[in-house]
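In what follows, a single structure is set out as structure tokens and then discussed.
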Amino acid sequence: MKSDKATLLRDDYCDGLGDCLPACPTGAITFEKREAIPYDEAAVQAHMAEKEKNLLPCGCPGSNAHVHKRIDTVLPENIPTAARKTACQLTQWPVQIKLVPATASCFMDGNLLISADCAAYAYGDFHNEFMKNKVTLIGCPKLDAGDYSEKLTNIFLNNNIVSITVVRMEVPCCSGIVNAVAKAVANCGKEMIPWGVTIISTDGTILDDQRVSVAV
């Protein structure tokens, strides 16, 4: 960026299509007509492969995988319930199914929570009830393009997964996240991975709870 304007670093990475124009949230991208190096699709593919290898699938530093170490804090019993702050139980980043690398270290010997993203807003004690001591992955099968099963298959294949807890909302479209997990478990050939599903209503009530027990 220079003076709030985007600068093209490599002519051969730009095909001139213009899809980037409406995608820029600040209007920093414009076109200028000039002689340029021809678009090189092979160079673009090599560049994207290098980014994937470096665990930055979208080129954003916020997608860089890392692990958070959590230490349980025991509060004195005389502190009123209303004054107790719920501790964050997120153990890794990123959490979006589409962003997390399949070979991230957090997956090895991990207990996975694969959840519809709305569930954390519907259920008040989601961190302590579902996320604690688990690797959290979230997504929305209705809004996200594509099928999660391929990514989940790669995660299951590349790591020793101890257990899988799936949390979905009661709405019909949310069944897609359960179907993706079932398909991935079957595709990876590890049908012995224990997994179960919890269904949460839109008013935050647990309607069905088939979680597997997890040793911590």
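Residue pairs exceeding 32 angstrom between C-alpha atoms, taken from LYS132/LYS190; LYS33/LYS151; LYS134/LYS183: LYS33/LYS151. Here the contact order of the stretch 63-209, divided by its residue count and restricted to Cα pairs under 8 Å and six or more residues apart, works out to 24 percent. Each peptide in 101-112, 195-206, 28-39, 151-162 receives the mean, over its residues, of other Cβ atoms within 10 Å, and ordering these scores from highest gives 151-162, 101-112, 195-206, 28-39. Stretched out straight at 0.36 nm per residue, the stretch from ASP147 to LYS33 would grow longer than its current Cα-Cα span by 37.1 nm. Amide H contacts for GLN92 (H built 1.01 Å from N in the peptide plane; partners 5 or more residues away or on another chain; cut-off under 5 Å): HIS68, THR136.
Among the GluC sites (Glu not before Pro) within the stretch 147-216, those in coil by DSSP and having at most 13 neighbouring Cβ atoms inside 10 Å are GLU191.
Every number in this text was worked out from the coordinates using simple rules, so none of it is lab data. Here the structure is a predicted model, which means the values were calculated and not measured. For neighbour counting, all protein chains shown are included, and Cβ atoms are generated from backbone atoms with ideal geometry for every residue, glycine included.
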